[in-house]
1. What FRET efficiency would be calculated for the residue pair B:Val107, B:Ala16, taking the C-beta separation as r and a Förster radius of 30 Å, to the nearest 0.05?
2. On the accessible surface of the stretch B:58-162, probed at 1.4 Å, how many percent belong to carbon and sulfur atoms?
3. Can you compute the modelled spin-label distance between A:Ile138 and A:Leu88, with each label point 7 Å from Cα toward Cβ, in nm?
4. Summing both sides, how much accessible area is buried between B and A? Use a 1.4 Å probe and give Å² to the nearest 100.
5. Compute the angle between helix A:9-32 and the longest alpha-carbon principal axis of chain A, please, reported from 0 to 90 degrees and rounded to the nearest 10.
6. I'd like the orientation of helix A:76-100 relative to chain A: the angle between its Cα long axis and the longest Cα principal axis, in ° from 0 to 90, rounded to 10.
7. I'd like the mean, over residues of B:55-66, of how many other protein chain beta carbons sit within 10 Å of each residue's own Cβ.
8. Given DSSP loops and a limit of at most 14 other Cβ atoms within 10 Å, what is the longest stretch of chain B that contains no such GluC sites (Glu not before Pro)?
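The values are calculated or read from the model by the stated rules, or taken from the named source; none is laboratory data. This is a predicted model, so every value here is computed, not measured. Heads up, the Cβs are rebuilt from the backbone with ideal geometry, glycines too, and the neighbour counts pull from every protein chain shown. What goes into the accessible areas is simple: the full protein's heavy atoms, side chains included, and nothing from ligands, DNA or RNA. Shrake-Rupley method; radii C 1.70, N 1.55, O 1.52, S 1.80 Å.
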Amino acid sequence: MNRKFLDNDYMTLIVRLVVGGIFIYASLDKIATPAQFARIVYNYHLLPSSLINIFALVLPWVELICGIFLIVGFKQKGSILILNLLVLTFIVALTINLFRGVNIECGCFTVSSKAKSSIIDFLLRDIGLLALTLYLLISRSRRFAVAASDR
Amino acid sequence: MASSLRQALLIIIAAAVLAVATNSFSPNRIPWVGSWPSISGSDSIIVPPSYEEGDPPFISLDDAAAKYQSRGVVFIDARLPADFAVGHIKGAVNLPFDYLDQYYESVLSEYGPSDEFVIYCSGEECELSLHLGRYMMTKGFSKVFVFFGGWREWEKARLPVSAES
């Protein structure tokens, strides 16, 4: 892939809208029902008990802000950095639990426990998402942003 | 890179501020530092053989612990007052099923049909929680859950307990 293709303004805009939309959508259910989301975070068995609620309360807001910023084009560099780190963290957390052999609830988009699926599916989805966030990290397109100098 | 980090930090601070603001006023707010079971694998739901269609839903220890984080969810201990006095889930109210007539009015009069309840008793061999749950549903309470692992499972997981009545 050449630079021109990677830096295409329209392609970058579409990926921004998709990734931003995904994270905004993912955050809403978690913000509305923090107790259920905290239970899912607890179920990953990765954080000490005392940090579970703090993480469950702040994470969805980070997702929402980054999603909005990505779409409108404000503080994009910071948002893209965070989203890359978040998706990487999700992948690591899911992989650890895959090797532990426990099928956990993802807590990706909904806190409802009815949405059962396998860790492999969540992982594949997150790897696809990582491809998109990595692309945004690489792309140098500066158009369609409320604060172009931010990028 | 430096500006990315600075922006990222700003975003996280903004998220934290919004989280504090919403979690101070939301009806679904949870404590910042919660209590979670110290044992893992408490995800299974214990259901007694006497369970029938239409009974209140049964929940696992993990679910009970999650509901415990939510302010506004009332925990009801269906055991005898003597057992309750020895130890119970912190913040729970005692409504002994064996003395239902005596306690029912005074305990439940302050709650309405929209309130959410988690009922428990001592553990798997005890069906007081199920009976009380069934009874409360006939009285118009719809958000009634039975935590059948009960006191024993809660205590084993080192979740918050209290001994005063």
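1. Details: r = 39 Å, r/R0 = 1.30.
That gives a FRET efficiency of 0.15.
2. On the way: 2230 of 4490 Å².
Of the solvent-accessible surface of the stretch B:58-162, carbon and sulfur hold 50 percent.
3. Those two pseudo-labels are separated by 1.6 nm.
4. Working: alone 9520 and 8430 Å², together 15370 Å².
Result for this pair: about 2600 Å² buried.
5. 30 degrees
6. Here the helix axis deviates by roughly 30 degrees.
7. On the way: counts 0, 0, 0, 0, 0, 1, 0, 4, 3, 1, 4, 11.
Per residue, the average neighbour count from other chains is 2.
8. Numbers: sites that count: B:Glu52, B:Glu53, B:Glu110, B:Glu124, B:Glu125, B:Glu164.
In chain B, the maximal stretch lacking such sites is B:54-109.
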